[in-house]
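Structure record follows, encoded as structure tokens.
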Amino acid sequence: PPYTIGVICGSIAASSINRRLARALMKLAPADLECSFIEIDQLALYDRDRDDAYPPEATAFKEAILAADGILIVTPEYNRSIPGALKNAIDWASRPYGENALTRKPVGVIGASPGGIGTAVGQQHLKTILSFCNAPMMNEIEAYVQYPDGLVDDDDEVTVASTKDFLSTYMQAYDDFVRRVLTVVPQQQA
Ligand code: FNR
């Protein structure tokens, strides 16, 4: 069946290379994945005093996660971890206690950096967080994208052929992973 995939970009910068990468991945995705962005920039700072009365934007964010068959997180590495905006969004998604929207939700993690480490350390931090949130993660293949200037053009096309091939393979593997997880454990709907 077609799967709906919520794509979360860990960077809220308009000029984000990870948003460019995310758009390119959405374009390279197999036809049975219907990908759309879930935005995190409108979320206030998480406050557990609001667990009993979530702000509407946080409720909408959680509902978007619940409605998606799978989540793809495309994130930069900030100071060898994940951006605060992304951690904040995950905190909202995970609460109140017992209503964690990420539980059993299949998640893919990928990211780009101009540097050679290609977000590897940040992705490891993210996987620790998602593991506590009980989200099954695609472990293989991994994708640490070193992003030279112009890697993704204004038409969301990957300009380096070998990288484009690799990213296509990544999206195919992600499709297979989501199908495997959903076949074994059908998800509860929101
Ligand atoms: C960075 N950058 C960075 N890069 C990296 O490979 N490892 C790191 O730990 C960090 N740390 C870091 C902290 C902060 C606060 C910023 C703003 C940047 C550089 C980063 O990879 C680069 O700015 C990317 O362009 C950020 O991704 P987006 O926002 O363009 O998607």
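Determine which single condition S36 fails, assuming it passes every other condition in (1) within 13 Å of the chain's Cα centre (by Cα); (2) polar (S, T, N, Q); (3) within 16 Å of the ligand (Cβ to nearest atom).
Exception for S36: condition (3).
Go through segment 36-68 residue by residue and tally those that are small (G, A, S) and free of Cβ contacts under 8 Å to residues at least 24 places away in the same chain.
Of the residues in that region, 3 qualify.
Answer with yes or no whether I129 is surrounded by fewer than 20 Cβ atoms within 10 Å (Cβ to Cβ) and either away from the ligand (no atom under 14 Å from the Cβ) or closer than 22 Å to A13 by Cα (or both).
When the stated conditions are applied, I129 passes them.
Pairs please, first residue from segment 1-28 and on the phi < 0 side of the Ramachandran plot, second anywhere and among the charged types (D, E, K, R) and within 13 Å of the ligand (Cβ to nearest atom), Cβ atoms under 8 Å, 6+ apart in sequence or on different chains.
What qualifies is C9/R19; S11/R19; I12/D41; A13/R19.
Could you look through segment 1-33, keep only residues that are part of a loop (DSSP other than H, G, I, E, B) and away from the ligand (no atom under 16 Å from the Cβ), and pick out the one that is farthest from the chain's Cα centre (by Cα)?
If we take residues in segment 1-33 being part of a loop (DSSP other than H, G, I, E, B) and away from the ligand (no atom under 16 Å from the Cβ), then P1 is farthest from the chain's Cα centre (by Cα).
Can you tell me which residue in segment 39-65 is surrounded by the most Cβ atoms within 10 Å (Cβ to Cβ), limited to those that are of a type in the set (D, E, K, R) and within 16 Å of the ligand (Cβ to nearest atom)?
Filtering segment 39-65 for residues that are of a type in the set (D, E, K, R) and within 16 Å of the ligand (Cβ to nearest atom), the one surrounded by the most Cβ atoms within 10 Å (Cβ to Cβ) comes out as E39.
Only residues that are of a type in the set (D, E) and outside any helix (DSSP H, G or I): list them for segment 45-81, please.
D47, D51, D52, D69, E77
In segment 85-126, what residues are away from the ligand (no atom under 16 Å from the Cβ) and outside any loop (DSSP other than H, G, I, E, B)?
Answer for segment 85-126, where residues must be away from the ligand (no atom under 16 Å from the Cβ) and outside any loop (DSSP other than H, G, I, E, B): I90, D91, W92, A93, S94, V107, G108.
Would you mind finding the one in D153, D149, D176, D165 that is in contact with a Ser or Thr (Cβ under 6 Å, 6 or more places away or on another chain) and modelled with pLDDT of 95 or more?
Unique residue meeting the criteria: D153.
Which condition from (1) out of contact with any Leu (no Cβ under 8 Å at 6 or more places or on another chain); (2) within 16 Å of the ligand (Cβ to nearest atom); (3) in a helix (DSSP H, G or I); (4) farther than 21 Å from S15 by Cα is the one that E142 breaks?
Evaluating E142 over (1) out of contact with any Leu (no Cβ under 8 Å at 6 or more places or on another chain); (2) within 16 Å of the ligand (Cβ to nearest atom); (3) in a helix (DSSP H, G or I); (4) farther than 21 Å from S15 by Cα leaves (3) as the failure.
Do you know which of the residues in segment 127-139 that are in a loop (DSSP other than H, G, I, E, B) and closer than 14 Å to S94 by Cα is nearest to the chain's Cα centre (by Cα)?
Here the answer is A135.
Identify all residues within segment 66-78 that are under 19 Å from N134 (Cβ atoms) and surrounded by 21 or more Cβ atoms within 10 Å (Cβ to Cβ); write none if there are none.
A68, G70, I71, L72, I73
The values are calculated or read from the model by the stated rules, or taken from the named source; none is laboratory data. Only a predicted model underlies this, so the values are computations on that prediction, with no experimental measurement involved. In this analysis, Cβ positions are derived from the backbone assuming ideal geometry, glycine residues included, and neighbour counts consider all displayed protein chains.
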